[in-house]
Amino acid sequence: GTFPPFAPTLSNPFTGFVLPGEGAGGINIIDNSLENPTIQQINLGIQQQFGESFVLRADYLRNRGTQFIIGRTIGEVYNPVVDGPDSVVNLESSVGTQYDGLLVSFETRFNRRFHMRSSYTLSKSFNYSNDDQIPFAEGPVDPQNLELEYGPAPTDQRHRFTFNGYWEPAPRTRLSMIWTMASGVPMDILMPDGLSRIPALQRNAGDRLFHTGADLNAFLNQLNQNGGVDGTLLPLVDPSVRFSDSFQSVDIRLAREFSVGESTIVPTLEVFNLFNVTNILGVSNLNYSGFSNVLTRDSSDPADPGYLRSSNFGTPITTAGGVLGSGGARAFQLAVRIAF
């Protein structure tokens with residue numbers, strides 16, 4: 001093939017544009033035994049009908065992924081492009097994922113004017129990386145021990161309840177509703193520089209290993225008594241700080257059908273997050289909790305008491321939303337459908 005002049009080749013592997021910013025972006029290589037990821041799924045369910053209109057169903061679901069890709073630092077070389085050392089990251093099929101869920105639902109059937117379905121999910125999701133994009137922004141804490149990376153997924157929600165249904169109070173008029181509630185997601189706890197998590201912790205330990213700031217402070221105090229991290233003491237947080245927020249949203253729709261000649265007109269009013277609940281949630285898989293997760297020091301002076309205090313940790317920084325129906329600020333939508 002013909003390659004543009006800036007493309008890297010075997011004879012000149014360091015050709016290319018210089019990545020702007022501080023330092024090098026890393027050199028990624030593909031492992032010789034790299035394989036496509038595979039997923040195995042098991043689903044076992046049972047359902048029972050009660051009377052003429054009600055159905056109860058329970059399902060157990062397990063997803064197990066193998067040969068998933070992770071970037072592992074295997075060494076360092078001199079990179080003439082940045083005129084300095086650069087890490088070599090091996091993209092390899094060394095990690096996996098696991099999801100276990102119990103899904104229970106109860107619904108009505110065989111009723112044309114009324115239908116409802118309530119669903120509850122109890123689940124647990126684990127994997128090896130918060131950043132599942134290549135190149136990997138956060139490498140393993142210990143490249144020689146990938147098991148330390150196994151932990152809750154950033155989107156892991158242990159409890160989720162949904163109620164949805166519709167009611168036709170009059171002919172050609174339908175009122176629909178979706179009510180969603182969910183428990184909080186975990187949060188990674190990062191070092192003061194924000195570049196990596198505390199090495200002694202599993203991934204996403206917030207709201208999993210620790211449920212309050214006091215729990216985290218007890219761990220940090222013990223860590224500091226043993227010399228901290230590489231001799232550096234870590235700051236403490238507000239004992240009442242939160243790591244995550246529960247989710248709740250009620251969405252409704254009212255539609256009325258009219259006939260005009262041979263055409264049908266259906267004006268619709270929709271309200272999303274009817275009660276305008278503020279749901280703290282993130283938009284990035286690196287911090288999906290929506291709370292500040294970096295142990296930023298109040299002062300950079302080791303002699304100042306603020307050096308061992310992180311007042312900003314655990315403060316809300318983002319809310320859910322951005323798309324109608326995703327739990328953001330209350331929103332209205334008017335629509336008209338015409339069939340002819």
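The values are calculated or read from the model by the stated rules, or taken from the named source; none is laboratory data. All values derive from a computational prediction rather than experimental measurement. Neighbour counts run over all protein chains shown; Cβ positions are idealised from the backbone, glycine included. All accessible areas refer to the heavy atoms of the entire protein, side chains included, with ligands and DNA or RNA removed. Shrake-Rupley method; radii C 1.70, N 1.55, O 1.52, S 1.80 Å.
Residue check: is Gly25 in contact with an Asp or Glu (Cβ under 9 Å, 6 or more places away or on another chain) and either open to solvent by 70 Å² or more (accessible area, probe 1.4 Å) or at pLDDT below 85 (or both)? Spelling it out, Gly25 is indeed in contact with an Asp or Glu (Cβ under 9 Å, 6 or more places away or on another chain) and either open to solvent by 70 Å² or more (accessible area, probe 1.4 Å) or at pLDDT below 85 (or both).
Annotation note: of Pro186, Pro154, the sole residue that is modelled with pLDDT under 95 and crowded, with 20+ Cβ neighbours inside 10 Å is Pro154.
The condition of being closer than 30 Å to Thr162 by Cβ, open to solvent by 90 Å² or more (accessible area, probe 1.4 Å) and either at pLDDT below 90 or not polar (S, T, N, Q) (or both) holds for only one of Leu19, Leu44, Leu103, that being Leu44. Of Val266, Val323, Val283, Val336, all but one fail to be aliphatic (A, V, I, L, M), more than 18 Å from Thr212 (Cα to Cα) and surrounded by 14 or more Cβ atoms within 10 Å (Cβ to Cβ); the exception is Val266.
In the set Val241, Val277, Val271, only one residue is among the hydrophobic types (A, V, I, L, M, F, W, C) and part of a strand (DSSP E or B); that residue is Val271. The number of residues in region 87-133 being outside any strand (DSSP E or B) and in contact with a Ser or Thr (Cβ under 8 Å, 6 or more places away or on another chain) comes to 4. In summary, Leu220 fulfils each of the numbered conditions (1) at pLDDT 95 or above; (2) surrounded by fewer than 16 Cβ atoms within 10 Å (Cβ to Cβ); (3) not aromatic (Phe, Trp, Tyr) with the single exception of condition (2). Filtering region 52-64 to residues that are part of a strand (DSSP E or B), open to solvent by less than 60 Å² (accessible area, probe 1.4 Å) and touching a residue at least 40 places away in the same chain (Cβ under 8 Å) leaves Val55, Ala58, Asp59, Leu61. For region 224-260, a tally of residues being of a type in the set (A, V, I, L, M), surrounded by 12 or more Cβ atoms within 10 Å (Cβ to Cβ) and either closer than 21 Å to Asp193 by Cβ or at pLDDT below 95 (or both) returns 6.
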